[in-house]
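The values are calculated or read from the model by the stated rules, or taken from the named source; none is laboratory data. In this text, all values refer to a predicted model and were calculated from it rather than measured experimentally. Don't worry about glycine lacking a Cβ; one is built from the backbone with ideal geometry, like all the others, and counts go over all protein chains shown. These area figures cover heavy atoms from the full protein model, side chains too; ligands, DNA and RNA do not enter into them. Shrake-Rupley method; radii C 1.70, N 1.55, O 1.52, S 1.80 Å.
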Amino acid sequence: MDALEWIVPRPKKATIRAEHVVLSGCRITGDPAAGRAVAVLTEALDAGDAVPVEVRVGAGLPPEGYTLTAGPGGVLISGADPAGAFYGAQTLLALLAAPCGRHAACVPGIDVRDWPDLPLRGTIEGFYGTPWSHDERMEHLRFSARHKLNAYVYAPKDDPYHRERWREPYPEEELARLAELVAEARQQHVRFVFALSPGLSMVYSDPAERAALRAKAGQVWEIGVREYALLFDDIPPELSHEPDQAAYGTAEGASASAHAAVCRDFTERFLAPRGADRPLTMVPTDYAGTARSAYRDRLAAELPADVLVWWTGSDIVVGAITAEEARAAAGSYGHRVALWDNFPVNDFDFSRVFLGPLTGRATDLDGAPLEGVTANPMVQAAASRIALTTVADYAWHLAAYEPGRAHERAVRLVPGAAELLPLVEACSAWPPGADQSPELTALCASVLEGGPDERLRAALDRLAALPADVPGALARELERWVAAARDMAAAGLAALDLLRGERTPEQVARALERAEAHEANVLRRVIPPFVRQVLERAGVPVEPPAGNGR
């Protein structure tokens with residue numbers, strides 16, 4: 001297999017040569033600015049004098065770019081900046097992880113010249129539901145580094161200190177965990193963006209409220225946070241406090257003036273005095289769609305020019321996003337935008353998991369005023385990594401992105417995914433309203449029309465045989481979906497047996513009942529309708545359970 005298939009994101013330009021470079025006994029040196037790259041290589045490679053591995057900073061490439069050369073003379077990594085050097089080291093380690101039947105530790109002879117397309121490539125823990133654990137966040141930062149995702153936004157809706165109790169400082173124990181995350185993000189060259197969501201209760205015009213916001217931000221500045229976001233999403237569209245109505249009016253869109261004023265105050269009185277390197281990012285209340293509105297007109301006129309605006313696409317959860325939509329959205333806000341991509345988030349339906357690749361995203365973004373993408377993952381942190389691996393592939397090299405190939409690489413790289421591949425395939429549909437499995441839907445229709453059942457039977461056999469003993473976090477998170485898939489497959493197989501005269505209708509009905517008793521949704525819109533039609537033909541109609549057809 002091509003060694004490049006083990007690298008995500010796949011490099012822009014790479015030439016592999018026939019020779020192998022054995023990395024046993026490496027002498028690692030580097031520029032002081034490449035300290036983190038040198039550190040990760042020193043930790044991963046065997047020390048010695050046999051193979052020189054040198055890391056430099058100063059390559060003439062776009063930001064975060066790097067070159068990597070491996071050959072008989074050793075390995076040379078040259079980064080455009082420290083992040084580029086770090087990413088070059090990550091590429092070398094990914095090559096080292098590719099299987100080789102000849103050597104225990106080697107990489108192919110290779111020349112790589114690589115850089116990202118989008119400046120912002122990351123994730124936002126912005127879902128409703130149980131927030132990720134501290135350990136899950138730490139592992140996510142390491143995952144992000146491996147795949148050159150450069151931002152993590154801390155914005156869990158159900159962290160009370162982020163949203164409901166935004167004025168209150170973090171307790172000491174919580175603050176210590178945040179400090180550990182901030183430090184780990186810095187080590188992994190991941191921008192840690194701290195978000196606050198005050199809109200449920202803030203009196204925007206009150207100086208004391210603005211001071212409370214700055215004080216809360218100041219608490220996390222002390223532990224190393226240097227980038228901030230203010231979120232005004234999922235709140236009433238109009239102002240509800242009398243002082244705000246008096247200050248900003250009651251006309252349509254008046255809340256935009258309030259939000260812009262808070263952002264201006266935060267920029268001028270918090271970020272600027274501290275010399276913050278990066279501007280504020282904000283989420284408007286009107287965050288989906290591309291049309292102008294009274295809210296957006298006010299925001300365009302009053303929001304500080306350097307504030308970045310998050311936008312979710314033509315709707316909140318979408319199947320496709322075009323370059324023209326990004327241009328129209330930026331025009332409507334009067335600001336450059338970043339895509340808050342609600343993929344593969346599942347907080348609107350916790351019965352489902354979305355394990356497929358990113359699809360429907362524009363790859364022709366040249367000149368579009370789009371800073372980048374932050375993907376909103378699922379409550380299931382490990383399971384989210386399959387989809388997020390494909391997001392990393394997309395954001396780094398737009399023109400080369402192929403969802404199918406990206407998904408194959410993700411399954412190969414996420415521990416446990418290959419063992420659970422039938423389930424991954426059964427839960428790969430996107431957007432959420434799409435057919436859960438066009439292939440199985442077509443096979444079911446063919447069988448009902450009198451076609452052969454071998455292909456459908458084989459597919460269901462694979463699901464029914466899903467292992468229940470796969471180790472690791474992914475399998476633990478997907479345990480309920482594995483059980484649901486096995487019972488769903490059993491119901492489909494029972495229906496096929498009924499068509500052959502090998503089962504009774506009562507047996508099939510019981511199998512269907514077991515399958516539909518699961519809360520976890522695997523092919524619920526595909527297999528049960530097929531089984532019901534088979535039962536109806538046998539004269540035993542079965543009504544679907546109430547509220548179970550999502």
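If you go through the range 1-15 and pick out every residue that is modelled with pLDDT of 95 or more, of a type in the set (A, V, I, L, M) and open to solvent by 20 Å² or more (accessible area, probe 1.4 Å), you end up with 1. Residues in the range 176-190 that are of a type outside the set (Val, Ile, Thr), crowded, with 19+ Cβ neighbours inside 10 Å and farther than 22 Å from Ala215 by Cβ: Glu184, Ala185, Gln188, His189. For the range 17-58, a residue qualifies if it is open to solvent by 70 Å² or more (accessible area, probe 1.4 Å), among the hydrophobic types (A, V, I, L, M, F, W, C) and part of a strand (DSSP E or B), and the qualifying residues are Ala18, Ala47. Could you go through the range 489-512 and let me know if any residue there is without any contact (Cβ under 8 Å) to a residue 24 or more places away in the chain and either under 28 Å from Pro415 (Cβ atoms) or within 35 Å of the chain's Cα centre (by Cα) (or both). Checked the range 489-512: no residue is without any contact (Cβ under 8 Å) to a residue 24 or more places away in the chain and either under 28 Å from Pro415 (Cβ atoms) or within 35 Å of the chain's Cα centre (by Cα) (or both). Within the range 97-118, the set of residues being under 30 Å from Gly372 (Cβ atoms) and outside any loop (DSSP other than H, G, I, E, B) comprises Ala97, Val107, Ile110, Asp111, Val112, Arg113, Asp114.
Consider the range 423-442 and keep the residues that are of a type in the set (Gly, Ala, Ser) and in contact with a Phe, Trp or Tyr (Cβ under 9 Å, 6 or more places away or on another chain). The one that is nearest to Ala489 (Cα to Cα) is Ala426.
Put simply, of Pro403, Pro369, Pro377, Pro344 the only residue that is open to solvent by 40 Å² or more (accessible area, probe 1.4 Å) and in contact with a helix residue (DSSP H, G or I) (Cβ under 7 Å, 6 or more places away or on another chain) is Pro403.
A single member of Ala212, Ala258, Ala247, Ala276 is buried (at least 16 other Cβ atoms within 10 Å of the Cβ) and within 30 Å of the chain's Cα centre (by Cα), and it is Ala276.
I'm trying to understand the selection: among the residues of the range 493-516, which are in a helix (DSSP H, G or I) and acidic (Asp, Glu)?
Selection gives Asp497, Glu506, Glu513, Glu516.
Only one of Glu325, Glu268 is at pLDDT 95 or above, assigned to a helix (DSSP H, G or I), open to solvent by 40 Å² or more (accessible area, probe 1.4 Å) and under 21 Å from Val391 (Cα atoms); which?
Glu325
If you check Val193, Val220, Val203 for being in contact with a Phe, Trp or Tyr (Cβ under 6 Å, 6 or more places away or on another chain) and open to solvent by less than 40 Å² (accessible area, probe 1.4 Å), only one passes: Val220. There is no residue in the range 66-83 that is among the β-branched types (Val, Ile, Thr), out of contact with any strand residue (DSSP E or B) (no Cβ under 7 Å at 6 or more places or on another chain) and surrounded by fewer than 22 Cβ atoms within 10 Å (Cβ to Cβ).
So in the range 101-145, with the set limited to residues that are charged (D, E, K, R), in contact (Cβ under 8 Å) with a residue 24 or more places away in the chain and out of contact with any Leu (no Cβ under 8 Å at 6 or more places or on another chain), which one is most open to solvent (accessible area, probe 1.4 Å)? My answer is Arg102. Just one of the listed residues (Thr250, Thr285) is at pLDDT 95 or above, part of a loop (DSSP other than H, G, I, E, B) and within 30 Å of Glu324 (Cβ to Cβ), namely Thr285.
The set of residues from the range 288-315 being over 18 Å from Pro237 (Cβ atoms) and part of a loop (DSSP other than H, G, I, E, B) comprises Pro304, Ala305, Asp306, Val307, Gly313, Ser314. Return yes or no: is Leu443 aliphatic (A, V, I, L, M) and either open to solvent by 30 Å² or more (accessible area, probe 1.4 Å) or in contact (Cβ under 8 Å) with a residue 24 or more places away in the chain (or both)? Criteria not met by Leu443. When Arg476, Arg486, Arg514 are checked against the criterion of being crowded, with 18+ Cβ neighbours inside 10 Å and basic (Lys, Arg), a single residue qualifies: Arg486. Taking the range 506-550 as the range and being modelled with pLDDT of 95 or more and over 14 Å from Ala495 (Cβ atoms) as the test, the residues that pass are Ala517, His518, Glu519, Ala520, Asn521, Val522, Arg524, Arg525. Can you confirm whether Ala320 is under 20 Å from the mean Cα position of the chain (by Cα), touching a residue at least 12 places away in the same chain (Cβ under 8 Å) and closer than 30 Å to Pro357 by Cβ? Yes, satisfied. When the test is whether a residue is of a type outside the set (Val, Ile, Thr), open to solvent by 10 Å² or more (accessible area, probe 1.4 Å) and farther than 23 Å from Val522 by Cβ, Arg412 does not pass it.
Filtering the range 123-175 to residues that are polar (S, T, N, Q) and assigned to a loop (DSSP other than H, G, I, E, B) leaves Thr130, Ser133, Asn150.
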